[in-house]
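Enquirer: Okay, here's the structure, questions in a sec.
The values are calculated or read from the model by the stated rules, or taken from the named source; none is laboratory data. This structure is a prediction, so every number in the text was calculated from the model and none was measured. When we count neighbours, we look across all protein chains shown, and the Cβ atoms used for this are built from the backbone with ideal geometry, even at glycine. Keep in mind that these areas ignore ligands, DNA and RNA; they rest on the heavy atoms of the full protein, side chains included. Shrake-Rupley method; radii C 1.70, N 1.55, O 1.52, S 1.80 Å.
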Amino acid sequence: MGILKKFSLQFGKPEGIFGSIAGNLMASTAVEKNKWTISLLNIQRTDNVLEIGFGPGIATKLISKLIHGGHYVGIDYSTVMFRQAKKRNIKAIQEGKVTLKLGEVSSISPSELKFDKVLSVNSIIFWKDPVKALKKIRQIMKPNGLIALTMLPYMKGATEETSQKLGDDIARYLKEAGFSQIKTTIKEMNPNAAVCVLGVNE
Ligand SMILES: C[S@@+](CC[C@H](N)C(=O)[O-])C[C@H]1O[C@@H](n2cnc3c(N)ncnc32)[C@H](O)[C@@H]1O
């Protein structure tokens, strides 16, 4: 396997030294699309927020500053990302505001804590069975809870049409998983348009 292929695979499950470098690169490019996704969720101080695929923990940090009385839980299956995100958010973890979990999205199980808002940024394309995972996520959301799934394609040759197609796929997954009021939004970003699909757990 070539070094570029080896490196690009690191964005799906960062591991080892290449994964660590990929995490640092993600951190340097994550702010705009994460801020945008968070703004679309309209997070309130007391909201419980779930993030799947927190990567280096950029959204974790932004969200922990918005919530007071609410709680943030993040799940990611990469030990390298878990370590980077933990380091970046140690204060909020110690304050009990943030919980980071090492795990697969498919391993989500019913929990007492129910979520008002759920987000995932540039992660869903790596999930083995997105509809099954979204059904599990829906079970731990509050009635009328809001989910935001964002993708900003980085692959060579990607255009706004690529983002639109990703958005159509995500909208279909959300519908199949039982979400309603599905709405797709596109925003021009660097190097491509980003797409965010919102859904409500009615
Ligand atoms: C490209 S990174 C994006 C990280 C972060 N959300 C950001 O915007 O910078 C994708 C992340 O999703 C995680 N991920 C991918 N598939 C996953 C799965 N099935 N279960 C849990 N985490 C997953 C990866 O480990 C990685 O940290």
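Enquirer: Looking at segment 135-202, what strands (runs of 3 or more DSSP E) fall wholly within it and have at least 2 residues that are buried (at least 17 other Cβ atoms within 10 Å of the Cβ) and among the hydrophobic types (A, V, I, L, M, F, W, C)?
Expert: Qualifying strands (runs of 3 or more DSSP E): 141-151, 193-201.
Enquirer: Which residues, counting only those in segment 110-129, are open to solvent by less than 70 Å² (accessible area, probe 1.4 Å) and closer than 20 Å to SER78 by Cβ?
Expert: VAL118, LEU119, SER120, VAL121, ASN122, SER123, ILE124, TRP127
Enquirer: Criterion first (basic (Lys, Arg) and either farther than 26 Å from ASP129 by Cβ or crowded, with 22+ Cβ neighbours inside 10 Å (or both)) does LYS101 satisfy it? Explain how you work it out, then say what you get.
Expert: Working: basic (Lys, Arg): yes; either farther than 26 Å from ASP129 by Cβ or crowded, with 22+ Cβ neighbours inside 10 Å (or both): no.
Considered against the rule, which asks whether it is basic (Lys, Arg) and either farther than 26 Å from ASP129 by Cβ or crowded, with 22+ Cβ neighbours inside 10 Å (or both), LYS101 comes out as no.
Enquirer: Select from segment 38-57 the residues that are out of contact with any Leu (no Cβ under 8 Å at 6 or more places or on another chain) and small (Gly, Ala, Ser) and write down the one among them that is surrounded by the fewest Cβ atoms within 10 Å (Cβ to Cβ).
Expert: Among residues in segment 38-57 that are out of contact with any Leu (no Cβ under 8 Å at 6 or more places or on another chain) and small (Gly, Ala, Ser), the one surrounded by the fewest Cβ atoms within 10 Å (Cβ to Cβ) is SER39.
Enquirer: Determine which single condition GLY96 fails, assuming it passes every other condition in (1) within 16 Å of the chain's Cα centre (by Cα); (2) more than 11 Å from the ligand (Cβ to nearest atom).
Expert: Condition not satisfied by GLY96: (1).
Enquirer: Now, a different point. Just to be sure I understand the filter: pairs with C-beta atoms under 7 Å, separated by 6 or more residues or on different chains, first member in segment 130-147 and closer than 17 Å to ASP47 by Cα, second member of a type in the set (Lys, Arg) and open to solvent by 10 Å² or more (accessible area, probe 1.4 Å). Which pairs pass?
Expert: Pairs that qualify, where the first residue is closer than 17 Å to ASP47 by Cα and the partner is of a type in the set (Lys, Arg) and open to solvent by 10 Å² or more (accessible area, probe 1.4 Å), are ILE140/LYS114; MET141/LYS114; LYS142/LYS114; GLY145/LYS117; LEU146/LYS117.
Enquirer: Oh, and also: Could you check segment 58-92 and list, in sequence order, the residues that are farther than 19 Å from ILE43 by Cα, open to solvent by 10 Å² or more (accessible area, probe 1.4 Å) and part of a helix (DSSP H, G or I)?
Expert: THR79, VAL80, PHE82, ARG83, GLN84, LYS86, LYS87, ARG88, ILE90, LYS91
Enquirer: Pairs under 7 Å by beta carbon, first residue within 11 Å of the ligand (Cβ to nearest atom) in segment 37-60, partner modelled with pLDDT of 95 or more and assigned to a loop (DSSP other than H, G, I, E, B), six or more apart or different chains?
Expert: ILE52/SER123; GLY53/SER123; GLY57/ASN89; THR60/PHE54; THR60/ASN89
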